[in-house]
Structure formats: C-alpha cells, structure tokens
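The structure follows.
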Amino acid sequence: MSKQTQTARKTVKDIAAAKGATPLVMLTAYDAPTAAILDPHCDILLVGDSLGMVVHGLPSTVGVTMEMMILHGQAVMRGSQSAMVVVDMPFGSYETNADQAFLNAVRIMKETGCQAIKIESGAYAAGQIAHLVERGIPVMGHIGLRPQAIHVDGGFRAKGRTEDERARVLAEARAAADAGAFCIVIEGVAEDLAAAITAEVSCPTIGIGASAACDGQVLVTQDMLGLFDWTPKFVRRYADLREAIDQAAAEYAADVRARRFPGTAETYSLRKQGS
Ligand code: KIV
C-alpha cells in the first residue's frame, strides 16, 4: 500500500464537524515543499487560482488554466499528508453548464488526487454545485468578492456594502448551501453580513477579509509571509520573507563577487585512495 493510501487526510465530515466549534484553518499552497511545511498546521490546503497572481505574475486570476491548476494540485498533494486538499476550478472551466463543470472537476480530481474542488459561486452556479455533489464531488463555494468576476466588478472591491449587494451575497450563500456545498469561502464582506451568513447556513464558512464572525479563516500564504511590498487591509503579516530573501540574495551576490563563495567546506576534493 502506498504512503498516500495509508495516511488519513481530513474529510468533509471533519470539516462539517467544525461548524460552531474549533475555527477551521486554511492556507493556500502551490508547491510541494511549502505544502509539507503548512500541512501539520492546517485543516485545509487550498490550491487557489490566486497562484496565477502570486506565483505566475498574472494581473488577475482570469488567465489561469486547468493545466496550471492540475500541475500545482499534484505538487501540493505530493507535499502534504493530513490536510484536506481543495483545488480551485479556474475561470471558464465550469460556468457553461453542469456537464462542463463535471468533466473538468473529474479531471482535476483524477489527475491531482485532491479531495474537493472550489467554485466561485454566483447564485447561477447552484446547478453546477448540486450536479457535482450528487455525483460524488465535494464542492467548496466562494461568495462575496469573486476575483474571477473582476472585469464585471471593475476591480477587487469589498461586497455587500449596499442593500442590493447584501441581498445578492446572501442569495449566493443560500444557493451554495442549499445545493450541497460542504463549506463556503466568504471573501471581502462586512462583519455583520459574514455573521448573518454564518448563522444561517448549516455548513462552515471560511472568511478572507470577512471578519472573525466566520467558522474559519484563510489567507494567501505569500501575503501572510510578507512576500510582497503591498498588503491588503485584511491580511496580518506573520513573517517578512521579502526582506529575508532580499538580504540573503544580496549576501550571496556579494560573496560570489568577492570569491568568498564557494569555500573549502562547499567544495569537492579528490578522494584519497582506499577511503
Ligand atoms: O484563489 C485563492 O487563493 C482563493 C482564496 C483567496 C480563498 O480563492
């Protein structure tokens, strides 16, 4: 039996049991070594399509492809053992109809081995969610600020701050929950709306920029590690990796230019005969 079949990952049942109990911990992961470091600390590792921006340098998540999600999903599965791994369905891979969503979700699950997929779910996506769940694919919903809709919204804007928008975000939450989503990410909404949604839906909610009123929290790992010079309001930086990497690269460059690296400790020499 392979290592992967022996180890027990968190399941949708574990995630459901966290509702109203211990807050769920989710972080994004895109590669195997980082996933291995994050895995023991997280209930869920999200292979988010934010990888388009934070790994590939794209201006938004719109250009992310199925191939990119699958490649990074495979890496995160290899690096992790106990967290549930959820892979985002990229823009254009599920919106047409339930069949398109099913075929692409199946491809992601078969080729990565992940446990669930996530859909940025406007109320229109309820049909897709129900279709996938009925056929054995756990779905995480994603409501509020939906980065894949950036061109309709005219930018990354917090949602639910007018009565109309509030009603729309509530409708998205109800639609995703009623369709059978096992968990819902709420992004970029005010605290009272996040609290109302969390109280109403029976599945756990996971917030990003949606206050402490949710059943769990997620951050983009690169943001919380301080890899970029700009940090959104809702992010807390737990490290300053940008500064650490900059300093390490500067020291390395200085050592190479001054011929201090490599030294004898980092240099192979001829083996003595018989040793
Ligand atoms: O793509 C992503 O990283 C996400 C999180 C922001 C929830 O969807």
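Would you be able to tell me the number of residues in region 104-128 that are under 13 Å from A179 (Cβ atoms) and away from the ligand (no atom under 16 Å from the Cβ)?
Residues that pass the stated criteria total 5.
Please verify whether region 175-197 includes one or more residues that are in contact with an Asp or Glu (Cβ under 7 Å, 6 or more places away or on another chain) and either crowded, with 21+ Cβ neighbours inside 10 Å or in a loop (DSSP other than H, G, I, E, B) (or both).
No, the conditions are met nowhere in region 175-197.
Can A158 be described as over 21 Å from M68 (Cβ atoms), among the small types (G, A, S), modelled with pLDDT under 95 and within 20 Å of the chain's Cα centre (by Cα)?
yes
Quick check on region 57-73. Is at least one of its residues within 14 Å of the ligand (Cβ to nearest atom), in a strand (DSSP E or B) and not aliphatic (A, V, I, L, M)?
So far as region 57-73 goes, no, none of its residues is within 14 Å of the ligand (Cβ to nearest atom), in a strand (DSSP E or B) and not aliphatic (A, V, I, L, M).
Still on this structure: Looking at the structure I just gave you, is I108 of a type in the set (A, V, I, L, M) and over 30 Å from G154 (Cβ atoms)?
In short, no.
Please work out if A83 is surrounded by fewer than 19 Cβ atoms within 10 Å (Cβ to Cβ) and either hydrophobic (A, V, I, L, M, F, W, C) or within 14 Å of the ligand (Cβ to nearest atom) (or both).
Here the answer is no, as A83 does not meet what is asked.
Hey, among the residues in region 20-52 that are closer than 17 Å to T205 by Cβ and open to solvent by 20 Å² or more (accessible area, probe 1.4 Å), which one's nearest to the ligand (Cβ to nearest atom)?
L27
Consider region 183-226. How many of its residues are more than 16 Å from S50 (Cα to Cα) and among the charged types (D, E, K, R)?
4
Further, regarding this structure: Looking at region 264-275, is at least one residue open to solvent by 30 Å² or more (accessible area, probe 1.4 Å), in contact (Cβ under 8 Å) with a residue 60 or more places away in the chain and not in a loop (DSSP other than H, G, I, E, B)?
No: zero hits.
Something else about it: Quick one: T221 ticks every box in (1) farther than 30 Å from A248 by Cα; (2) crowded, with 21+ Cβ neighbours inside 10 Å; (3) modelled with pLDDT of 95 or more bar one, so which box is it?
(1)
Yes/no matrix, rows are residues, columns are (1) part of a helix (DSSP H, G or I); (2) not aromatic (F, W, Y):
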site: F102; (1), (2): yes, no
site: R107; (1), (2): yes, yes
site: E111; (1), (2): yes, yes
site: C114; (1), (2): no, yes
site: I119; (1), (2): no, yes
site: Y124; (1), (2): yes, no
site: H131; (1), (2): yes, yes
site: G136; (1), (2): no, yes
site: M140; (1), (2): no, yes
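Quick check on region 238-261. Is at least one of its residues over 17 Å from the mean Cα position of the chain (by Cα) and within 28 Å of A21 (Cβ to Cβ)?
yes
I would also like to ask the following. From the list G92, G122, G48, which one is touching a residue at least 24 places away in the same chain (Cβ under 8 Å) and over 17 Å from the mean Cα position of the chain (by Cα)?
The match here is G122.
Going residue by residue through region 163-174, is there one that turns out to be within 24 Å of T22 (Cα to Cα) and open to solvent by 40 Å² or more (accessible area, probe 1.4 Å)?
yes
Do you know which of the residues in region 202-213 that are buried (at least 22 other Cβ atoms within 10 Å of the Cβ) and without any contact (Cβ under 8 Å) to a residue 60 or more places away in the chain is nearest to the ligand (Cβ to nearest atom)?
Applying the filter and picking the extreme gives I208.
Among the residues of region 126-149, which ones are within 23 Å of M26 (Cα to Cα), among the aliphatic types (A, V, I, L, M) and open to solvent by less than 30 Å² (accessible area, probe 1.4 Å)?
Those that are within 23 Å of M26 (Cα to Cα), among the aliphatic types (A, V, I, L, M) and open to solvent by less than 30 Å² (accessible area, probe 1.4 Å): I129, L132, I137, V139, M140, I143, L145, A149.
Looking at P232, is it open to solvent by less than 90 Å² (accessible area, probe 1.4 Å), part of a loop (DSSP other than H, G, I, E, B) and closer than 19 Å to T61 by Cβ?
In short, yes.
The values are calculated or read from the model by the stated rules, or taken from the named source; none is laboratory data. Just so it is clear, the model here is predicted, and its values are computed rather than measured. Positions of Cβ are backbone-derived with ideal geometry, glycine not excepted, and every protein chain shown enters the neighbour counts. Accessible surface is based on the protein model in full, side chains and every heavy atom, while ligands, DNA and RNA are left aside. Shrake-Rupley method; radii C 1.70, N 1.55, O 1.52, S 1.80 Å.
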